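Below: the structure, in structure tokens.
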Amino acid sequence: MTAPDASTDRIEKSIVVRAPRGRVWRALSDAAEFGAWFGVDFDPASFAPGATVRGRITHPGYEHITMEIVIERMVEGRLLSYRWHPYAVDPAADYSKEPTTLVTFELHDAPEGTLVTVVESGFDRIPLHRRAEAFRMNVQGWAGQMRNIEAHVAGRH
Amino acid sequence: MSPVATDVGVRGGDVGASAHLFAALGDPTRLRLVVRLCRYGPASIVRLAADSSVTRQAVAKHLRVLARAGLVRGRRRGRESIWRLEPVRLEVARRYLELVSRRWDRTLERLKAAVER
């Protein structure tokens, strides 16, 4: 087993939002609110450590995909983490025995509102062919978007 | 563990290379060829065609596209060529992380829009 390569194993992103930490926490910790901005329609469920939550992706072109996350940690107002199979886009594939990545959202007060940081790690353990599939999904996703735009434009004329 | 885990290569990347890689891997048959070479190692066109449901001509055509994207290379051995994966593991891993990175950018923008409303 080789050590994970820092440049390919982990991604960290952050954004400052003009809203109090409590408001952002609600958007993260409430399954329905989370689903609304994330783009997934969760089956009735609530987030709690250890819970498995499933739902349908709502993004155009991805509606046939079910997303599943397993909540790992929740620290009120500060931290939410879950595990999932990143880009688990093949409905015929069994991902259950494959490694997952860990997604961690952290909230910190910032002068303008709240600093939201997301870290996703563990990519080096994801099989290379699964990672290659993400490129195909990206292309298909775009094709789906284009079809939706075409349908939208066609409907207006 | 994938056999290419030890196959580490470094190559210069640019935006154009990404587009080639996307297009090359965006086809199910080509992706299957890459996965086949990745799992079972180098093979001839005859062998690759026998393992898949497409003709030798189609396999040859797809291999040329993959070769242009720098993903595979054919080397002549006797009367046939043996095709192998180029050491692309690191390249795929990096491009993959770019996809993930852009996806998180869009996701965080949606979170921002939702809570600032």
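We did not get these values from a lab; they are worked out from the coordinates using the rules stated. Note that the structure is predicted; figures quoted are calculated from it, not measured. Glycine also receives a Cβ, built like all others from the backbone with ideal geometry; neighbour counts cover every protein chain displayed.
Do any trypsin sites (Lys or Arg not before Pro) in the range A:47-132 lie in a DSSP loop with no more than 16 other beta carbon atoms within 10 Å, and if so, which?
Passing both the DSSP loop test and the Cβ count: A:ARG78, A:LYS97.
Give me the inter-chain shielding for A:120-128: mean count of other chain Cβ atoms within 10 Å, whole number please.
Neighbouring Cβ atoms belonging to other protein chains average 4 per residue here.
How far, in nm, would the chain grow between B:ARG76 and B:ARG56 when pulled straight, counting 0.36 nm per residue and subtracting the alpha carbon separation?
Value of the extension gain: 5.6 nm.
Take A:GLU76 and A:THR52, extend 7 Å from each Cα along the Cα→Cβ direction, and tell me the distance between the two endpoints in nm.
2.9 nm
Leaving out same-chain residues fewer than 8 places away, which lysines sit with a Cα under 29 Å from that of B:LYS112?
A:LYS13
Length gain on complete extension for the stretch B:SER101 to B:ALA113, per 0.36 nm per residue less the alpha carbon to alpha carbon distance?
2.5 nm
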